[in-house]
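The values are calculated or read from the model by the stated rules, or taken from the named source; none is laboratory data. Quick caveat, the model's predicted, so the values are computed rather than measured. Here Cβ is always computed from backbone atoms with ideal geometry, including for glycine, and neighbour counts include all displayed protein chains.
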Amino acid sequence: MKEEIIIAGFGGQGVLSMGKILAYSGVMQGMEVSWMPSYGPEMRGGTANVTVILSDEPISSPILHEFDTAIILNQQSMDKFEKAVKPGGTLIYDGNGITHHPSRKDINIYRVDATAEAVKMRSVKTFNMIVLGAYLKLKNIVDMENVLKGLKKSLPERHHHLIPMNEKAILRGGEIIQEISVVE
Amino acid sequence: MRELKLMKGNEAIAEAAIRYGVDGYFGYPITPQSEVMETLMAMRPWETTGMVVLQAESEVASINMLYGGAGSGKRVMTSSSSPGISLMQEGISYIAGAELPCVIVNVVRGGPGLGTIQPSQSDYFQAVKGGGHGDYKLIVLAPSSVQEMVDFVGLAFDLAFKYRNPAMILSDGVIGQMMEKVEFDEYKPRWTREEIIAKNPWAATGKPPTRERNIITSLHLQAVDQEKQNIKLQAKYKEIQEKEVRYETYLCDDAEYLIVAFGSSARISKKSVEIAREKGIKVGLLRPITLFPFPYKEIGAYTDQVKGILTVEMNAGQMVEDVRLAVEGKVKVEHYGRMGGMISSPDEVENALEELIIGG
Amino acid sequence: MIDIKDIVKPENLVFKKSRVLTDNPMHYCPGCSHGVVHNLIAEIIEEMDIQDNVIGVAPVGCSVLAYNYIDIDWHEAAHGRAPALATGIKRLMPEKFVFTYQGDGDLAAIGTAETIHACNRGENITIVFINNGIYGMTGGQMAPTTLEGMVASTCPSGREHARDGYPIKITELLAQLPGTCYVTRQAVHTAGSVRKTKKALRKAFENQTRNRGTSIVEVVSTCNSGWKMSPVKANDWMVENMFPFYPLGDLKDE
């Protein structure tokens, strides 16, 4: 098994930490993982993206130009990464702020309105966990038990009291994901 | 039992230093390696192992703090990125001349000049061929994973002390910023005063009545003395070349073509090898782990086996010159690489192999 | 007739070279202040009984070979970097006495940043600063402390501030920094001034046991070769011209 993922959005949306929790969940599951961010001034408010690879085998290149799954959280990232999904691959996006919806017919497209849901749940900061939950529901790569372990490992101890809220958000993400179009 | 963590290369190198019993770190912030000192400061090793961590006023100062610290026979290290390493060249030359062990980490970014903060390998020449003034060499290790960032801290210190020579870990923004799974060894205690004096009788630790004074210097005013020192250094470098070459091969046994790449380029090239193999192209990867000493002989041995060699580097073609020296004109050698912080994709590398080597 | 054996007796001894000074003949010019200051440092190390516990950092300049004369462990720095080396040494071996020995070009030109920042961190070291207003080793070029109007090989018609900038009072500047605990300016041109300088150096070394910050002893010195004067005339010139601009005395003693 090997899964190559790009997560892309605005800096500050929790893109990098979402990738880190996913990667740590993989570690907890005994997989090989890599997490490669875009870095630099982009981190501060511009676009941010991170490539996460989960694999049963040692990972060769941590840098990729096409992906099994793209998780897209703003329009700029949609413009950049829709075309980078491998044929037959998966695109998951949050509809908030998206004006040009994905149009490829050779990939599976799902939508998770995490921004809206986070507002409803009165916890805007767990937005990225809702997205992660949607992804995990779709791709059953890591067990929930290991996701929680990964979450615990990624968060500093002073934030451990937030784990139940994050867990709730992950589960909610799994419930609200919608299928837009699927390759036959 | 070894401890398993998910960490950035830069964070991992910091924790590895503490765990290896390093005595001092002196540095100055620069992207993309600032996490090294940030991690050290957050971990507060002065409260646990007693390791000193100090933010200097410049890279010029930090390398000279290293020079002072190294002269005391302790394990000292610094880290920086390309422009900062340029500033350190004076001090590095003095440290090499005075034959002091220390470890310098370069998380390379694109240049020349202020350049870019994105990953690059364009400091190969600077690291391997000198950089500072005078005839000297650094031991240069090129990690290609976060685990190797950890493992090479210990290896670099061991080699540095074995040969009384500065060692450089030549990393880049990819390895520094990437997170991977890493395993750590148990904490090692720092050397005691007695161990330091016993292991490093040359160190300036205060002159007891029982020995002559120790002078840490690279100054030899008489040409005849300086030449003697140069001859001694060259003999040491020759011994290092003979004994310390490290490299790794991947699918080379039946290879008709070879890719030679180090560091993060080797990671990308490994995937290119997989892509090419799926197409039925018999290509292997040779990854130099030590850039000095360079695996000349080991690459040269493939001249009877392969039809062509592609070097893949994130620069305009630097290591390719050493590969050409290694094959002595017997096999075609071409370079492929992106520059300025751009990173080749595995597909691009595979295409380059077909165009420049197989088709060319 | 008095035989030499009648003279060389312990009770007749009026001066003895410190055992911390080596027997190497010094390369300094006759009349140079370096030899006197070297001797004082050696005497203090002997008197404080810290020979096995002290590390000197030599500069680039005339005193680059200081390690040939004082019998302790030494570290030879790159030009101007002595305070950074001393920082590394002292931070790793806080129990040692660590001092730098630097000239004006080393301390106040090429090494200004290292000097100021070591003092600003309050590194617990002693800085001995020989200020003779000229680059002696390289043959008499203008130094940061060269006085206005003073002739040097790179300002042959005298230092002009419009072209060359002003002489820098680095010691006054360092006294402003909260990291320094003792800043003084002395000279070694008379027996009395040598005694005062020795007291100052002793205090600067002893301060390291108090861990109060950086101690700096500037010694306003002559360079009769560089100044192209006889040693006696150089001393007179120093009194007349250097002291008014670089007045002797303590600038700070906390």
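You will find that of C:V183, C:V217, the residue that is touching a Phe, Trp or Tyr at 6+ places or on another chain (Cβ under 9 Å), aliphatic (A, V, I, L, M) and within 21 Å of C:I168 (Cα to Cα) is C:V217 and no other. Residues in the stretch B:65-84 that are out of contact with any Phe, Trp or Tyr (no Cβ under 8 Å at 6 or more places or on another chain) and assigned to a helix (DSSP H, G or I): B:G68, B:A70, B:G71, B:S82, B:P83.
A quick yes/no check of all residues on (1) modelled with pLDDT under 95; (2) within 11 Å of another protein chain (Cβ to nearest Cβ):
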site: B:E194; (1), (2): no, no
site: B:N200; (1), (2): no, no
site: B:T205; (1), (2): no, yes
site: B:P209; (1), (2): yes, yes
site: B:I216; (1), (2): no, yes
site: B:Q229; (1), (2): no, no
site: B:K243; (1), (2): no, no
site: B:L251; (1), (2): no, no
site: B:A255; (1), (2): no, no
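In summary, no strands (runs of 3 or more DSSP E) completely within the stretch C:39-111 bear 3 or more residues that are more than 9 Å from chain B (Cβ to nearest Cβ), surrounded by 24 or more Cβ atoms within 10 Å (Cβ to Cβ) and at pLDDT below 95.
Filter the stretch A:68-111 for residues that are among the acidic types (D, E) and not in a loop (DSSP other than H, G, I, E, B); which is nearest to the chain's Cα centre (by Cα)? Among them, the one singled out is A:D68.
The residue list B:F157, B:F184, B:F161 contains one member that is in contact with a Cys (Cβ under 9 Å, 6 or more places away or on another chain) and either at pLDDT 95 or above or within 14 Å of chain A (Cβ to nearest Cβ) (or both), which is B:F157. Among the residues making up the stretch B:144-180, a single one is part of a loop (DSSP other than H, G, I, E, B) and charged (D, E, K, R): B:R164.
Just a yes or no: is a residue in the stretch C:114-133 surrounded by 24 or more Cβ atoms within 10 Å (Cβ to Cβ), within 14 Å of another protein chain (Cβ to nearest Cβ) and of a type in the set (F, W, Y)? No, the stretch C:114-133 has no match at all.
B:M51 falls short on exactly one of the conditions (1) at pLDDT 95 or above; (2) over 22 Å from B:L141 (Cα atoms); (3) out of contact with any Phe, Trp or Tyr (no Cβ under 8 Å at 6 or more places or on another chain), and that condition is (3).
Have a look at B:T49, B:T39, B:T78 and point out the one that is farther than 29 Å from B:L219 by Cα, within 14 Å of chain C (Cβ to nearest Cβ) and touching a residue at least 24 places away in the same chain (Cβ under 8 Å). The conditions single out B:T49.
Filter the stretch B:86-126 down to residues that are part of a loop (DSSP other than H, G, I, E, B) and small (G, A, S) and give me whichever is surrounded by the fewest Cβ atoms within 10 Å (Cβ to Cβ). Show your work before the answer.
Our first condition is that a residue be part of a loop (DSSP other than H, G, I, E, B); within the stretch B:86-126, this holds for B:88, B:98-101, B:110-118, B:120-123.
Going one step further and asking which of them are small (G, A, S), we end up with B:98, B:110-111, B:113, B:115, B:120, B:122.
Details: B:A98: 21, B:G110: 25, B:G111: 20, B:G113: 9, B:G115: 17, B:S120: 29, B:S122: 24.
Within the stretch B:86-126, the match that is surrounded by the fewest Cβ atoms within 10 Å (Cβ to Cβ) is B:G113.
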